[in-house]
Amino acid sequence: MARPGAVPKVVANGEAIYDSPITFASARQRIERHHRPYHRALTEVLDATHRRFGGALLVDCHSMPSAGAPGIRAKGLKNVDIVLGDCHGAACAQAVTALAEKTLKDLNYRVVRNRPYAGGYITRRYGRPEEGMHALQIEINRALYMDEHRIERGPGMAELIRHVGKLIKVLTELDLDILKEDPKWLPKAAE
């Protein structure tokens, strides 16, 4: 059945999405129609990619509210443009996270890792680097590309699109051996 968080009840600023609770039947229907088919399709794509290339990288992009967004506590977001979440190295090869971080910093973004977002459900579920399956969550500060008060595109949208395109290009050109099922890059267990 539904797990906590499978059907959100509030938006980022804590406001309720619904005027009254949704029914169990409605929640179940959403999970059956949307959640499960989405994850089934995502699993198929990742498995096919892994079979073809020996590894796979899932990039899970999100927008995060800025520290100045209506109703948002700072959450440690002051002076942060992008948060890279790799579950503290458990979901993605460090070399991939480092490459994304360097690329974004070279584009003059203020980048931090794993705080306040270390990786959500997708990152935790699909990131298994020891099996050649890597997941990197990228949280982009909405203040870079939109007016959060009016919920409208801002003047930074075009530049952000160009920069995300550069990041994608860099990530698609990385050495595939980094993604392969090869635990040599993993830290050795303490003996």
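Checking Ile138 against (1) at pLDDT below 90; (2) part of a strand (DSSP E or B): exactly one of these is not met. Which one?
Answer for Ile138: the failing condition is (1).
So the check is Cβ under 7 Å with 6+ separation or different chains; which pairs have a first residue in segment 144-155 that's closer than 19 Å to His62 by Cβ and a second one that's among the aromatic types (Phe, Trp, Tyr)?
Arg153/Tyr145; Gly154/Tyr145
Say whether the condition of being over 16 Å from the mean Cα position of the chain (by Cα), under 23 Å from Leu167 (Cβ atoms) and in a loop (DSSP other than H, G, I, E, B) is met by at least one residue in segment 29-49.
Looking for residues that are over 16 Å from the mean Cα position of the chain (by Cα), under 23 Å from Leu167 (Cβ atoms) and in a loop (DSSP other than H, G, I, E, B), one finds none in segment 29-49, hence no.
Kindly indicate whether Asn79 is touching a strand residue (DSSP E or B) at 6+ places or on another chain (Cβ under 8 Å) and more than 18 Å from Ile168 (Cβ to Cβ).
On the way: touching a strand residue (DSSP E or B) at 6+ places or on another chain (Cβ under 8 Å): no; more than 18 Å from Ile168 (Cβ to Cβ): yes.
No; evaluated as a whole, the condition is false for this residue.
Which members of segment 141-185 meet the condition of being crowded, with 19+ Cβ neighbours inside 10 Å and in a strand (DSSP E or B)?
Asn141, Met146
Being touching a helix residue (DSSP H, G or I) at 6+ places or on another chain (Cβ under 7 Å) and assigned to a loop (DSSP other than H, G, I, E, B) is the filter here, so list the residues in segment 76-91 that pass it. Outline the logic, then answer.
Narrowing segment 76-91 to residues touching a helix residue (DSSP H, G or I) at 6+ places or on another chain (Cβ under 7 Å): 81-82, 84-87, 91.
The answer is Asp81, Asp86, Cys87, Ala91.
What are the residue pairs meeting all of these: first residue in segment 95-121, first residue surrounded by fewer than 19 Cβ atoms within 10 Å (Cβ to Cβ), second residue among the hydroxyl-bearing types (Ser, Thr, Tyr) and at pLDDT 95 or above, Cβ atoms under 7 Å, and 6 or more apart or on different chains?
Arg113/Thr97
Looking at segment 116-123, is at least one residue out of contact with any Gly (no Cβ under 6 Å at 6 or more places or on another chain), at pLDDT below 95 and not charged (D, E, K, R)?
The answer is yes, given that some residue of segment 116-123 is out of contact with any Gly (no Cβ under 6 Å at 6 or more places or on another chain), at pLDDT below 95 and not charged (D, E, K, R).
Restricted to segment 92-116, and to residues that are assigned to a loop (DSSP other than H, G, I, E, B) and aliphatic (A, V, I, L, M), which residue is nearest to the chain's Cα centre (by Cα)? Please lay out each step first, then the result.
At the first step, the residues of segment 92-116 found to be assigned to a loop (DSSP other than H, G, I, E, B) are 92-93, 107-110, 114-116.
Subset that is aliphatic (A, V, I, L, M): 93, 107.
On the way: Ala93: 15, Leu107: 19 Å.
Result: Ala93.
Those residues that are surrounded by fewer than 17 Cβ atoms within 10 Å (Cβ to Cβ) and closer than 23 Å to Ala143 by Cβ, I need them from segment 77-94; list them, please.
Within segment 77-94, Lys78, Asn79 qualify.
The values are calculated or read from the model by the stated rules, or taken from the named source; none is laboratory data. What you see is a predicted model, and the numbers here were worked out from it, not measured in a lab. Don't worry about glycine lacking a Cβ; one is built from the backbone with ideal geometry, like all the others, and counts go over all protein chains shown.
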